[in-house]
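J.: Let me give you the structure first, and then I'll get to my questions.
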Amino acid sequence: MTSSPNSFETQKLSTNLQQGTESTAQSVLAYLKIDSATHKFIQPSWKRSHYRAAINWLSRYKAQSNDSQLKQLRGCLEAFHHLCEVEAWDKAAALASGGAMLKVSLQTLDNLENTSTLEPFHVQLGILGYYNEQIQLYQRLLSKLDSQWDASCLNGLGLAYRALGKYYQSIEFHKQQLTLTQKIGDRQSEENALCNLGNVYGSLEDYQEAINYYQQGLKIAHQILNPKGKSQILGNLGVIYRLLGDYQQAIKYHIQQLKIAQKTEDRGCFGNALGNLGILYYFSGDYQLSIQHLQESLLIAAQRGNKIEEAMALGSLGNVYYALQNYSVALDYLHRQLALSIEIGFLEGKEKALGNLAVIYHSQGKFESALNYHHQKLVLAKQLSDRQGEANTLTNLGNTYTYLGQYEQAIECHKKSLAISAGLKDNFAASAAIHNLGDAYRLQKDFASAISMGMRSLHIFDCINSPQVEMAMMTLGKIALEIGLEEYATVVEEQLQIIEQQEGGEEAVERLRELLFES
């Protein structure tokens with residue numbers, strides 16, 4: 001899902017910016033209204049020391065060419081914090097909101113012409129994945145300037161905490177932003193807050209709440225004639241409807257998004273729409289069209305330096321090639337996604353990559369590698385409070401242990417998955433866990449427990465009209481062959497009586513008899 005940007009104004013350096021490190025540094029200092037010649041008269045001395053440190057970090061710090069981007073950004077970050085120490089909030093804010101600051105830090109600023117199109121320095125930190133640095137910046141500026149800056153800081157904090165998987169903290173900041181923007185009448189920032197609240201609730205799989213916030217934001221985007229905001233929200237609605245399984249409605253939203261992005265020449269929304277359409281074509285089985293859209297989305301994300309979208313596109317391409325059974329290419333994309341997600345601290349991307357790598361290694365029979373990645377994902381799912389992801393990972397772990405013949409571990413995993421799925425009221429996942437539990441009991445030769453679990457899963461699959469009814473019947477059929485039809489029929493009758501008394505009544509039992517003995 002696309003996040004709405006902060007509303008800091010992108011500021012330009014003075015128009016006489018020249019090439020060369022020394023002249024560039026002087027222009028930056030002039031832009032910040034810091035006079036290096038007169039700073040020596042600043043009193044008291046501790047304040048003078050901080051100004052001198054800020055000047056030195058901006059003018060003398062030289063990163064090595066092979067240093068990480070974070071090290072190359074250190075000059076601007078250190079200068080920012082020194083300015084905060086002397087409560088020079090206007091200068092610190094100017095540094096944070098300067099679009100050219102990143103290029104100054106990376107020493108790649110070759111002319112001034114393009115600086116007006118650069119994202120503010122604080123936004124570029126997020127694009128590069130430096131969320132903790134972003135959080136420190138916003139926390140220092142919050143409540144130090146005016147309401148507009150406070151709204152932007154709250155929005156930025158919400159975005160950063162969501163990227164780190166700390167969803168409830170993200171919601172709190174975006175709700176504070178929403179309240180503040182409604183109070184001061186900042187309609188665009190209000191729209192941003194609504195959009196980003198929708199994103200967080202989408203991450204928490206509360207899809208109806210997400211749609212509610214998106215629809216409120218879309219209404220404001222119409223009212224204030226904000227095509228970029230409208231395009232973003234349409235794309236986010238498309239994602240939610242895809243997650244709800246309504247692919248046709250999702251495609252409609254993304255095509256609307258694509259058209260607006262083309263009209264407004266918004267490369268970010270254009271790439272986002274292509275990526276989401278690629279995912280939808282994957283679910284629809286049109287893999288070549290999916291690859292075409294995802295490759296273009298990946299290229300745009302890389303060109304824009306948006307590493308989150310780049311990581312997401314890499315993961316989606318990995319899934320498509322896995323579906324095509326091209327495992328070597330799939331693994332390459334997923335390992336690239338994992339490495340990039342770790343680099344930028346993108347926990348959602350890391351979790352997805354770990355899970356998908358585990359599935360592929362399982363498919364290749366490399367069970368120890370699969371277990372390793374499943375366990376890593378399980379730790380991360382707990383950290384992210386991703387209960388659905390935790391349940392799915394436990395199920396996959398249980399299946400891998402089953403293939404290894406480690407039935408006790410498999411049974412333990414499936415029981416835990418069942419408990420979580422039941423708590424989430426996810427009947428399909430619960431029934432799948434019950435079925436897998438029964439299959440583990442079957443392989444352990446505990447046939448009474450296997451039939452009990454098999455009958456329960458068959459009953460639930462039938463109640464929710466799931467095609468997995470056939471799978472449940474096949475598993476029960478295997479048990480019948482192993483223990484003999486007479487003993488099997490006796491145990492089944494006992495289970496039918498239990499189901500009639502505790503769960504489904506006579507009608508359900510008759511339906512199960514029909515499935516078991518008349519199909």
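J.: Check the range 156-178 and report whether any residue there is more than 26 Å from Leu347 (Cα to Cα) and either open to solvent by 10 Å² or more (accessible area, probe 1.4 Å) or at pLDDT below 80 (or both). Working first, answer last.
T.: Step one: filter the range 156-178 for residues more than 26 Å from Leu347 (Cα to Cα), giving none.
Within the range 156-178 (the criterion being more than 26 Å from Leu347 (Cα to Cα) and either open to solvent by 10 Å² or more (accessible area, probe 1.4 Å) or at pLDDT below 80 (or both)), the answer is no, since none of the residues qualifies.
J.: Out of everything in the range 236-276 that is under 17 Å from Ala301 (Cβ atoms) and charged (D, E, K, R), what residue ends up being least open to solvent (accessible area, probe 1.4 Å)?
T.: Within the range 236-276, the match that is least open to solvent (accessible area, probe 1.4 Å) is Asp266.
J.: Take the residues in the range 279-299 that are closer than 23 Å to Gly229 by Cβ and modelled with pLDDT under 95; name whichever of them is nearest to the chain's Cα centre (by Cα).
T.: Ile279
J.: How many residues are open to solvent by 40 Å² or more (accessible area, probe 1.4 Å), in contact with a helix residue (DSSP H, G or I) (Cβ under 6 Å, 6 or more places away or on another chain) and not polar (S, T, N, Q) if we restrict to the range 404-419?
T.: The qualifying residues number 3.
J.: All but one of (1) surrounded by fewer than 19 Cβ atoms within 10 Å (Cβ to Cβ); (2) at pLDDT below 80 hold for Phe8, so report the exception by its number.
T.: Failing condition for Phe8: (1).
J.: Something else: Can you find a residue in the range 426-445 that is open to solvent by 40 Å² or more (accessible area, probe 1.4 Å), closer than 28 Å to Tyr161 by Cβ and in a helix (DSSP H, G or I)?
T.: Within the range 426-445, not a single residue is open to solvent by 40 Å² or more (accessible area, probe 1.4 Å), closer than 28 Å to Tyr161 by Cβ and in a helix (DSSP H, G or I).
J.: With Ala301, Ala250, Ala313, Ala261 as the choices, which residue is closer than 28 Å to Val329 by Cβ, touching a Ser or Thr at 6+ places or on another chain (Cβ under 6 Å), without any contact (Cβ under 8 Å) to a residue 40 or more places away in the chain and assigned to a helix (DSSP H, G or I)?
T.: Ala313
J.: Looking for something touching an Asp or Glu at 6+ places or on another chain (Cβ under 6 Å) and open to solvent by 40 Å² or more (accessible area, probe 1.4 Å) - is there at least one such residue anywhere in the range 331-350? Let's see the steps before the verdict.
T.: Initial filter on the range 331-350 (touching an Asp or Glu at 6+ places or on another chain (Cβ under 6 Å)): none.
Within the range 331-350, none of the residues are touching an Asp or Glu at 6+ places or on another chain (Cβ under 6 Å) and open to solvent by 40 Å² or more (accessible area, probe 1.4 Å).
J.: Related question: Any residue in the range 287-298 that is among the small types (Gly, Ala, Ser) sitting within a Cβ distance under 9 Å of a residue that is assigned to a helix (DSSP H, G or I) and open to solvent by 70 Å² or more (accessible area, probe 1.4 Å)? List the pairs, counting only those 6 or more apart or interchain.
T.: Note: pairs meeting the criteria are Ser290/Phe283; Ser297/Met312.
J.: While we're looking at this one, here's another question. Look at the range 242-291 and say how many of its residues are aromatic (Phe, Trp, Tyr), touching a Leu at 6+ places or on another chain (Cβ under 7 Å) and more than 20 Å from His222 (Cα to Cα). Walk me through how you get there before you give the answer.
T.: Our first condition is that a residue be aromatic (Phe, Trp, Tyr); within the range 242-291, this holds for 247, 253, 270, 281-283, 287.
Those left that are additionally touching a Leu at 6+ places or on another chain (Cβ under 7 Å): 247, 253, 270, 281, 287.
Checking which are more than 20 Å from His222 (Cα to Cα) leaves us with 247, 281, 287.
Residues that pass the stated criteria total 3.
J.: Let me ask something additional. Leu397 versus (1) crowded, with 23+ Cβ neighbours inside 10 Å; (2) in contact with a Gly (Cβ under 9 Å, 6 or more places away or on another chain); (3) among the aliphatic types (A, V, I, L, M): which is the lone unmet condition?
T.: Exception for Leu397: condition (2).
J.: Report the residue count in the range 221-231 for those that are open to solvent by 10 Å² or more (accessible area, probe 1.4 Å) and not in a loop (DSSP other than H, G, I, E, B). Break it down into steps so the answer makes sense when it comes.
T.: Pass one, the range 221-231, residues open to solvent by 10 Å² or more (accessible area, probe 1.4 Å): 222-228, 230.
Filter once more, so that each one left must be not in a loop (DSSP other than H, G, I, E, B): 222-223, 227-228, 230.
So the count comes out to 5.
J.: Step by step: first the residues of the range 17-59, then only those that are open to solvent by 70 Å² or more (accessible area, probe 1.4 Å) and either of a type in the set (A, V, I, L, M, F, W, C) or outside any helix (DSSP H, G or I) (or both), then the one that is modelled with the lowest pLDDT. Which residue is that?
T.: Looking at residues that are open to solvent by 70 Å² or more (accessible area, probe 1.4 Å) and either of a type in the set (A, V, I, L, M, F, W, C) or outside any helix (DSSP H, G or I) (or both), I get Gln18.
J.: Only residues that are in a helix (DSSP H, G or I) and open to solvent by 20 Å² or more (accessible area, probe 1.4 Å): list them for the range 446-468, please. Spell out the reasoning first.
T.: Start the filter on the range 446-468 by keeping residues that are in a helix (DSSP H, G or I), which leaves 447-463.
Listed by number, the residues that qualify are Phe447, Ala448, Ser449, Ser452, Met453, Arg456, Ile460, Asp462, Cys463.
J.: Here's another thing I want to ask about it. Inside the range 469-488, can you point out the residues that are open to solvent by less than 40 Å² (accessible area, probe 1.4 Å) and over 38 Å from the mean Cα position of the chain (by Cα)?
T.: Within the range 469-488, Leu476, Gly477, Ile479, Ala480, Ile483, Gly484, Tyr488 qualify.
J.: Please find, among Tyr201, Tyr282, the residue that is of a type in the set (Phe, Trp, Tyr), touching an Asp or Glu at 6+ places or on another chain (Cβ under 6 Å) and open to solvent by 20 Å² or more (accessible area, probe 1.4 Å).
T.: Working: Tyr282 fails: touching an Asp or Glu at 6+ places or on another chain (Cβ under 6 Å).
Matching residue, one of Tyr201, Tyr282: Tyr201.
J.: I've got another one for you. For Arg442, all conditions in the list (1) in contact with a Phe, Trp or Tyr (Cβ under 9 Å, 6 or more places away or on another chain); (2) touching a residue at least 40 places away in the same chain (Cβ under 8 Å) hold save one; what is the number of the exception?
T.: (1)
J.: Then there's this: Would you confirm whether any residue within the range 367-375 is closer than 16 Å to Gly165 by Cβ and open to solvent by less than 30 Å² (accessible area, probe 1.4 Å)? Break it down into steps so the answer makes sense when it comes.
T.: Looking only at the range 367-375, we keep the residues that are closer than 16 Å to Gly165 by Cβ, and these are none.
No, the range 367-375 contains no residue that is closer than 16 Å to Gly165 by Cβ and open to solvent by less than 30 Å² (accessible area, probe 1.4 Å).
J.: Still on this structure, please answer the following. Which of the residues that make up the range 350-383 are over 18 Å from Arg336 (Cβ atoms), of a type in the set (S, T, N, Q) and part of a helix (DSSP H, G or I)?
T.: If the condition is that a residue be over 18 Å from Arg336 (Cβ atoms), of a type in the set (S, T, N, Q) and part of a helix (DSSP H, G or I), then Ser363, Asn372, Gln383 are the ones that fit.
J.: Pairs under 7 Å by beta carbon, first residue at positive phi in the range 28-46, partner open to solvent by less than 60 Å² (accessible area, probe 1.4 Å) and hydroxyl-bearing (Ser, Thr, Tyr), six or more apart or different chains?
T.: none
J.: Follow-up question, since we're still on this one. Among the numbered criteria (1) in contact with a Pro (Cβ under 9 Å, 6 or more places away or on another chain); (2) of a type outside the set (Asp, Glu); (3) open to solvent by 60 Å² or more (accessible area, probe 1.4 Å), which one does Gln216 miss?
T.: Just one mismatch for Gln216, condition (1).
The values are calculated or read from the model by the stated rules, or taken from the named source; none is laboratory data. Treat the numbers as computed from the prediction; the structure is a model and nothing was measured. Note that we place each Cβ from the backbone using ideal geometry, even for glycine, and neighbour counts take in every protein chain shown. The area values use the complete protein model at the heavy-atom level, side chains included, leaving out ligands, DNA and RNA. Shrake-Rupley method; radii C 1.70, N 1.55, O 1.52, S 1.80 Å.
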